[in-house]
1. How far apart, in nanometres, would the label points at residue 121 and residue 138 be if each is projected 7 angstrom from Cα along the Cα-to-Cβ direction?
2. Using the basic label-point model (7 angstrom from Cα toward the beta carbon), what is the residue 253 to residue 65 distance in nanometres?
3. Quickly work out the residue 160-to-residue 72 label distance, labels modelled 7 Å from Cα along the C-beta direction, and quote it in nm with one decimal.
4. In what sequence do 110, 105 fall when counting other Cβ within 10 Å, fewest first?
5. May I ask you to order 223-235, 91-103 by the average number of other C-beta atoms within 10 Å around their residues, highest value first?
6. Which peptide among 52-60, 111-119 comes first, and what is the full order, when sorted by highest mean count of other Cβ atoms within 10 Å?
7. Given a Förster distance of 41 Å, report the FRET efficiency between residue 49 and residue 238 from their Cβ-Cβ distance, rounded to the nearest 0.05.
8. Would you please state which residues of region 67-96 a label at residue 180 would reach in this model, taking the label point 7 Å out along Cα→Cβ and a backbone N cut-off of under 16 Å?
Ligand SMILES: C[S@@+](CC[C@H](N)C(=O)[O-])C[C@H]1O[C@@H](n2cnc3c(N)ncnc32)[C@H](O)[C@@H]1O
């Protein structure tokens, strides 16, 4: 990762503490984003205002019944940090039998995904515009998810900012607790050193097992699953000459 690959969140980054309060993961525990205004087009504004009442789930510190939200019983997949949402919309379209919840704090991205949902008439996708740590902690019932996607999370390349990375033990433990047995966590990054951190952290989580057998000394990265399209940040990384690493772990029975 080079300096010019830093996301606006990273560029705006200030030093932050990775604190935990009484073992409870708080919104201050992992400050993985910096809320920035960003430029928002009129269309993004309009779609956000018109569509969020229909496709948005408001953050509330209480478990949500996703079967009720979608009006059917289907596997539930959460995507954390969908950016502008193009990959999210495509995945929901190629997997019509699954229901998706995309979580993002960046308003232009939320407006962008609203537009894609409207244009693509996508029934199996909802949006939460809030900190994913709090959404997972407060809204998602334990053992309820069939999958979690984290694609190209901000790599926070400076060492003093590593504590801002999303994929670290406390948050991975929270994700694992929300997965149902057999449910999967799929991460991808174009930042090699973050990929190594992901591999270490995911491998150390007792509730997760790698889907890739690394017994023969192979590193343990997964082939890119067919359902994951090229994402905006992946494309940016590839243009800078970066590699791409996918990791797919499954929840084991406790
Ligand atoms: C580097 S971008 C990647 C976007 C997209 N997944 C892609 O591959 O193009 C990371 C995104 O994660 C979002 N993000 C970071 N921390 C978050 C959090 N705690 N809750 C929700 N979104 C978050 C940021 O706002 C940003 O849009």
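1. 3.6
2. In this crude spin-label approximation the distance works out to 2.8 nm.
3. For the pair residue 72/residue 160, the computed spacing is 5.1 nm.
4. Values: 110 27, 105 18.
By the 10 Å Cβ count, ascending, the order reads 105, 110.
5. Details: 223-235: 15.6, 91-103: 19.9.
Packing order, densest peptide first, comes out as 91-103, 223-235.
6. 111-119, 52-60
7. On the way: r = 34 Å, r/R0 = 0.84.
That gives a FRET efficiency of 0.75.
8. Hits in region 67-96 for residue 180 at 16 Å: 67-78.
Each reported figure results from applying straightforward, stated rules to the coordinates on display, with no laboratory input. These numbers come from a predicted model, not from an experiment. Neighbour counts run over all protein chains shown; Cβ positions are idealised from the backbone, glycine included.
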